[in-house]
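Structure first, commentary second.
The values are calculated or read from the model by the stated rules, or taken from the named source; none is laboratory data. Worth saying up front: this structure is predicted, and the values here are computed from it rather than measured. Note that we place each Cβ from the backbone using ideal geometry, even for glycine, and neighbour counts take in every protein chain shown.
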Amino acid sequence: MSSCDHGDIGSTQVSLGTITIYSPCGAPASASLTPNPFEGNVTLNWSGASGVSNNSISSYFIQHSTSSDNSSWSGWTDTTTISTNSSSGSTQFTPSISRGNYIKYRIRTQGTAVSSYYSGLIESNSVRRIPYTNCTAPKVFDAIPNPFENAINISWSGASSGTNNSITGYTLEYSTSTSGNATFEGAKVTT
């Protein structure tokens, strides 16, 4: 026998068990935001998401972005996570943005598998908070007669409504003085 001959070598079979295959969930096919423009709450609706084998839907991750001109947007900010196993859903938000500014949301499907297998993101449309501008003061204001003994007739004209802000009434204030052009008392509301 040669010095290199060690005889027969045996073999051992090792079982590695079952390997689980994961795939990402499917993002919602559509996402929409209503109403537009909005005053209070907005509702985000989505549908068409899908789970896959070994990775069923468990929740949705939602972020938002804001803009003053519907063109240049802020970075995405985490908003909330909605726990549900449904392929569609809706949720309401009360965005704290200035009047006239815009907001939009994006959403992704999260599954029961590890975070590497979340879906991609889908963006909603953008909606605008109702813009308001101030009403303008009357351009003409008069109090007659002068001097007066009893009643005074006050008249005004030329006031105008603002954007989405119609005139609904007027508040009159007055101040008095015992010496004409000297210091007047603080204003008092009369009506």
Given (1) within 13 Å of the chain's Cα centre (by Cα); (2) assigned to a loop (DSSP other than H, G, I, E, B), number of the condition Ala113 does not satisfy = (1)
Somewhere in region 121-132, is a residue polar (S, T, N, Q) and out of contact with any strand residue (DSSP E or B) (no Cβ under 9 Å at 6 or more places or on another chain)?
-> no
Would you confirm whether any residue within region 90-110 is at positive phi, buried (at least 16 other Cβ atoms within 10 Å of the Cβ), of a type outside the set (Val, Ile, Thr) and not assigned by TED's automatic domain parsing to the domain that holds Ser155?
-> yes
Of all residues in region 101-140, which are closer than 26 Å to Asn165 by Cα, among the small types (Gly, Ala, Ser) and modelled with pLDDT under 95?
-> Ala137
Those residues that are under 46 Å from the mean Cα position of the chain (by Cα) and either surrounded by 10 or more Cβ atoms within 10 Å (Cβ to Cβ) or of a type in the set (Phe, Trp, Tyr) (or both), I need them from region 143-164; list them, please.
-> Ile154, Ser155, Trp156, Gly158, Ala159, Ser160, Ser161, Gly162, Thr163, Asn164
